[in-house]
1. If you scan the stretch 139-160, which residues turn out to be under 19 Å from E343 (Cβ atoms), assigned to a loop (DSSP other than H, G, I, E, B) and open to solvent by less than 70 Å² (accessible area, probe 1.4 Å)?
2. Are any of the residues in the stretch 176-188 among the charged types (D, E, K, R), open to solvent by 50 Å² or more (accessible area, probe 1.4 Å) and farther than 25 Å from S59 by Cα?
3. Against the conditions (1) in a loop (DSSP other than H, G, I, E, B); (2) farther than 25 Å from N339 by Cα, where does K171 fall short? Just the number, please.
4. Pull out all pairs, ordered by first then second residue, where Cβ-Cβ is under 7 Å, the residues are six or more apart or on different chains, the first lies in the stretch 97-117 and is under 15 Å from D184 (Cβ atoms), and the second is charged (D, E, K, R) and not in a loop (DSSP other than H, G, I, E, B).
5. Give the stretch 190-208 a look and list any residue that's open to solvent by 10 Å² or more (accessible area, probe 1.4 Å), within 20 Å of A43 (Cα to Cα) and out of contact with any Ser or Thr (no Cβ under 9 Å at 6 or more places or on another chain), or say none.
6. Anything in the stretch 109-130 that is polar (S, T, N, Q) and open to solvent by less than 70 Å² (accessible area, probe 1.4 Å)? List them, or say none.
7. So, of the residues in the stretch 274-325 that are of a type in the set (A, V, I, L, M) and under 27 Å from E187 (Cβ atoms), which turns out to be most open to solvent (accessible area, probe 1.4 Å)?
8. List, please: which pairs have Cβ atoms under 6 Å, are six or more places apart or on different chains, and start with a residue in the stretch 238-254 that is under 13 Å from L315 (Cα atoms) and at pLDDT 95 or above and end with one that is open to solvent by less than 10 Å² (accessible area, probe 1.4 Å) and part of a strand (DSSP E or B)?
Amino acid sequence: MKQHILLIIISFLFAIASCKNSHVADIAVPGGDAASRFTIEQADGFKRIVVLNPWQGASDSKFSYYLFDDTTSVPDTLPLTNVVRVPVKRIVCMSTTHLAMVEALNATDAVVGISGRNLVYNKKIRDKLESGEVHDVGYESNLDKELIVSLKPDVLIVYGVDPASAGYLTKLTEMGITVMYDADYLEESPLARAEWIKVFGALLDKETQADSIYRNLRINYNRICDSVNTLSVQKPKVMFGGPWEDVWYVAPSNSYAIKLISDGGGDYIFNDVIAPSSQPYPVESVYLKSMNADVWLNPGSAKSLSELVSTDYRLNNLPVCGNKAVYNSNKRVTDEGANDYWESAV
């Protein structure tokens with residue numbers, strides 16, 4: 001039976017992505033799985049998207065964006081750099097997860113710029129990069145600001161890592177570019193992260209489609225969770241992640257990745273770790289705790305078990321390696337290294 005539930009965990013983690021209003025509170029997800037980093041509100045003649053605390057450690061940061069159609073005049077009291085005309089026709093995406101949202105809404109033609117061409121898995125976008133229809137605008141402090149301005153995007157979708165990320169984007173705002181934060185990666189559950197498709201639905205004037213996609217995904221996700229909960233078996237112990245230069249960054253149990261493990265029927269070996277971000281541990285302490293693990297997920301960049309254990313001889317002594325119960329998220333990877341796990345899986 002343990003093998004049975006193990007197979008459920010694996011299929012749950014790597015197949016859930018294929019399960020394919022506006023006010024976010026209108027369809028809140030039971031069990032605290034509603035997105036907590038954004039709201040969408042209907043106002044008189046426009047919608048307002050509010051993005052909350054879009055980087056790690058933020059506590060009271062709030063960014064408002066005002067969505068108007070082409071026929072409605074904008075009040076003089078609103079900052080123009082926070083006004084977006086919808087549906088947007090030209091988008092620059094700074095993360096592949098943003099591309100996945102646009103792709104799900106059949107709107108890749110709106111993408112005119114991306115960050116890091118080698119990170120893109122989507123074939124449509126890669127073909128457009130080759131033809132020059134989509135441009136690579138660079139990364140963080142190395143952004144090609146002049147190129148971004150020349151692309152005339154209706155909105156630049158970015159993610160925040162720390163307050164400094166807001167600093168290097170200020171220049172773009174001063175140059176007239178509307179910069180919108182996307183904080184999906186900070187949500188604490190997979191459903192909350194997926195709910196960010198509603199933001200893209202509002203921007204692209206495809207709210208009904210976005211709502212339908214999310215509802216169906218939520219139904220399928222909860223159906224799988226229910227099937228796991230009916231199994232009265234011992235949960236397999238799961239280790240997650242891998243070492244990096246003698247440090248093991250342990251994912252906290254309140255992160256969306258670990259929520260996938262618990263929802264899939266696994267018992268995460270670091271369930272006692274609750275933190276806003278991954279925590280550094282000595283490799284030795286993780287190694288000792290992993291001696292009782294039944295399965296190892298997402299062990300880093302290794303493509304084979306032999307490659308994995310070659311990085312640290314001690315890993316070969318872990319029962320999970322001896323039992324060959326190690327699984328990595330590299331099923332769909334391009335020759336350049338773009339991984340669909342970080343794209344459509346969201």
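1. Result: Y159, single match.
2. Taking every residue of the stretch 176-188 in turn, none turns out to be among the charged types (D, E, K, R), open to solvent by 50 Å² or more (accessible area, probe 1.4 Å) and farther than 25 Å from S59 by Cα.
3. (1)
4. Listed by first residue and then by second, the contacts come to T97/D184.
5. The answer is L204, D205, K206, T208.
6. Within the stretch 109-130, S115, N122 qualify.
7. I274
8. M239/W296
The values are calculated or read from the model by the stated rules, or taken from the named source; none is laboratory data. Keep in mind it's a predicted model, so treat the numbers as computed, not measured. Ideal geometry is used to build each Cβ from the backbone, glycine not excepted, and the neighbour counts take in all protein chains shown. Just so you know, the surface numbers come from the protein's heavy atoms only, side chains and all, with ligands and any DNA or RNA stripped out. Shrake-Rupley method; radii C 1.70, N 1.55, O 1.52, S 1.80 Å.
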